1. From GLN123, GLN127, which residue is more than 16 Å from the ligand (Cβ to nearest atom), over 30 Å from LEU14 (Cβ atoms) and more than 25 Å from the chain's Cα centre (by Cα)?
2. Scan region 85-99 and report the pairs whose first residue is closer than 17 Å to PRO130 by Cβ and among the aromatic types (Phe, Trp, Tyr) and whose second residue is assigned to a strand (DSSP E or B) and within 8 Å of the ligand (Cβ to nearest atom), with Cβ atoms within less than 6 Å and a gap of 6+ or a chain change.
Amino acid sequence: MGHVLVLNATFEPLNIVTVRRAIVLLLKEKAEVIEATEAQMRSQYLTLDVPLVIRLVYYVRVPRRLFLPLTRRTILARDHYTCQYCGAQPVKSRLTVDHVVPRSRGGETDWKNVVTACVPCNQRKGQRTPGEAGMRLLAPPQRPRYIALVLLGKAQAHETWQKYILSDKEPKGECISDKTRKRMVFVNMA
Ligand SMILES: [Zn+2]
């Protein structure tokens, strides 16, 4: 069975769950359907459109402990296995992690200073900044906001999910009232 993208009450992508889990959330009225396929699921008592995207009724605060560790694997996944200088997508073994500001120049190992680079770009850049090397980043590196999506990888993401995943809107969590926060539902992030 397929997977379903779960959005927070703020429409911020939160997680990816199985269709079965999504249906449980829907039946318990913890979530509503945002997008569904044309396929239908029938049981003795009800007929449901198979969901593709659901939205939680209550806001879920994402705990800090879920922040993603900074590793070669997570950096490559964040960058969709694409060289951030030339856009090449070689096999994973031909991808490296590049410090934008080199460590030898005081650059830190931080989400905002590491990018995926192919071997030729990394060699060409050497111990220089992109400016000095006359190279440009495709996009400034950022701390990934949507952990589940990084872990899943772009390849498995459903086409319908793209407009939610790629949305650059800032999460509106801070606008949610305290009363709403107290009614948070627990979502299994595993
Ligand atoms: Zn490259």
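1. Working: GLN123 fails: more than 16 Å from the ligand (Cβ to nearest atom).
After ruling out the rest, the residue left standing is GLN127.
2. Qualifying pairs under 6 Å: TYR85/ALA117.
Yes/no per residue for (1) in the same structural domain as LYS125 (by TED's automatic domain parsing); (2) modelled with pLDDT under 85; (3) more than 16 Å from the ligand (Cβ to nearest atom):
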position: LEU48; (1), (2), (3): no, yes, yes
position: VAL53; (1), (2), (3): no, no, yes
position: THR74; (1), (2), (3): yes, yes, yes
position: VAL91; (1), (2), (3): yes, no, no
position: THR96; (1), (2), (3): yes, no, no
position: ARG105; (1), (2), (3): yes, no, yes
position: GLU108; (1), (2), (3): yes, no, yes
position: ASN113; (1), (2), (3): yes, no, yes
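The values are calculated or read from the model by the stated rules, or taken from the named source; none is laboratory data. Since this is a predicted model, take the numbers as computed values, not measurements. Here the Cβ is made from the backbone with ideal geometry for all residues, glycine too, and neighbour counts use every protein chain on show.
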